[in-house]
Amino acid sequence: MNAIIVSDLHLGSRHFCYQEFERFLKSIPQDYELILNGDIIDNPKAQLAPPHQSILRLIKRLSYAQSVVWVQGNHDSKCPANGFGKVSFKSFYSLKNRLLIIHGYDFDEIMPRNQDFIKAFKLMHDVRVKLGARPVHVAEYAKKWKLLYNVLRKNVMMNAVNCALENGFQTVVCGHTHYPEDRVYNGIRYINTGAWTEYPAFYLQVNGSAMTLKSIDTPFDTHR
């Protein structure tokens, strides 16, 4: 059971680290399954810039050589499943009933209930940009509000862990919060693979029974 898991690429966003991801994609060993855990495309209705389109072509090409699974998130939930080669689209995915892979938006009880705050949040960001501040991804800006952001992270983690417990999984892997972490809660290992809109990005390498959360500065360990 060898797999590479990433989340939250946000193709189409100006903040997507597409050059780093292109190099990463080309370096994945052929005997590894690639699992894309949600929010791969930022806005499925928007036209992608050519460099981002090339990433989708690489993913499509990869799917003919090895298994590629796309677990849909809240941003790309309406992304059509056709036209992506042999990519398999799922709402969630699991590895041998041991590892549950799900994007995490369904576990988020904070953002859906605070849409007015989020709108105000985006408005403040736009005002800062007009005043000369550099534009940042909304998730990166949210991290400046540490108390609320930590509540969001904990809420997703607790609900993800409860889901894993109820369904007999030892480990659950999410994205959504854009915060890479690997911890144990209530006896369940919770891993979040972060996002590719900030550097360094992270990925989870599953190599047999071992699971390691790594930054992209850390090469694959293919020793088995």
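Starting with the highest mean, order 77-86, 176-185 by the number of other Cβ atoms within 10 Å, averaged over the residues of each peptide.
The densest-packed peptide leads the list: 176-185, 77-86.
To check you understand DSSP bridge types, tell me what percent of the beta bridges within the chain (both residues inside) are antiparallel, rounded to 5.
Here the share of antiparallel DSSP bridges comes out near 50 percent.
Put +1 on the Cβ of each Lys and Arg and -1 on the Cβ of each Asp and Glu in the chain; which of Pro44, Asn186, Ile28 then has its Cα farthest toward the positive end of the dipole?
Pro44
Looking at (i) 24, 22, 19; (ii) 47, 21, 16; (iii) 26, 22, 16, which value of semi-axes √(5λ) of the Cα gyration tensor in Å comes from a calculation on the structure shown?
Looking at semi-axes √(5λ) of the Cα gyration tensor in Å for this model, the match is (iii).
Among the GluC sites (Glu not before Pro) within the stretch 1-59, which fall in a DSSP loop and have no more than 16 other Cβ atoms within 10 Å of their own Cβ?
Filter output for the stretch 1-59: empty list.
To the nearest 20 Debye, how big is the dipole of the chain about its Cα centre, given +1 on the beta carbon of each Lys and Arg and -1 on that of each Asp and Glu?
Magnitude of the dipole: close to 300 debye.
Name the trypsin sites (Lys or Arg not before Pro) in the stretch 1-72 that are in a loop by DSSP and that have at most 15 other C-beta atoms within 10 Å, would you?
Arg14, Lys45
Rounded to the nearest 500, what is the chain's calculated 222 nm mean residue ellipticity when only DSSP H runs of at least 4 contribute -39500 (n - 2.57) each, over all residues?
Taking each H run of at least 4 residues, the total per residue is -9500 deg cm²/dmol.
What ³J(HN,Hα) values, in whole Hz, does the Karplus curve 6.51 cos²θ - 1.76 cosθ + 1.60 give for the stretch 214-220 when θ = phi - 60°, with x put for Gly and Pro?
In residue order, the calculated couplings are 10, 7, 5, 7, 9, x, 4 Hz.
Collect residues whose amide H, placed 1.01 Å from N in the peptide plane, falls under 5 Å from the amide H of Ala195; neighbours closer than 5 in sequence don't count.
Distant-sequence amide H within range of Ala195: Phe202.
Grab the other residues whose beta carbon is less than 12 angstrom from that of Thr193, score K and R as +1, D and E as -1, and report the net.
Taking every other residue near Thr193 into account, the sum is -3.
Read-outs throughout are calculated quantities, based only on the coordinates presented, and are distinct from any laboratory measurement. Please read these numbers as outputs of a predicted model, since none were measured by experiment. Quick reminder, even Gly has a Cβ in these numbers, built from the backbone with ideal geometry, and neighbours come from all protein chains shown.
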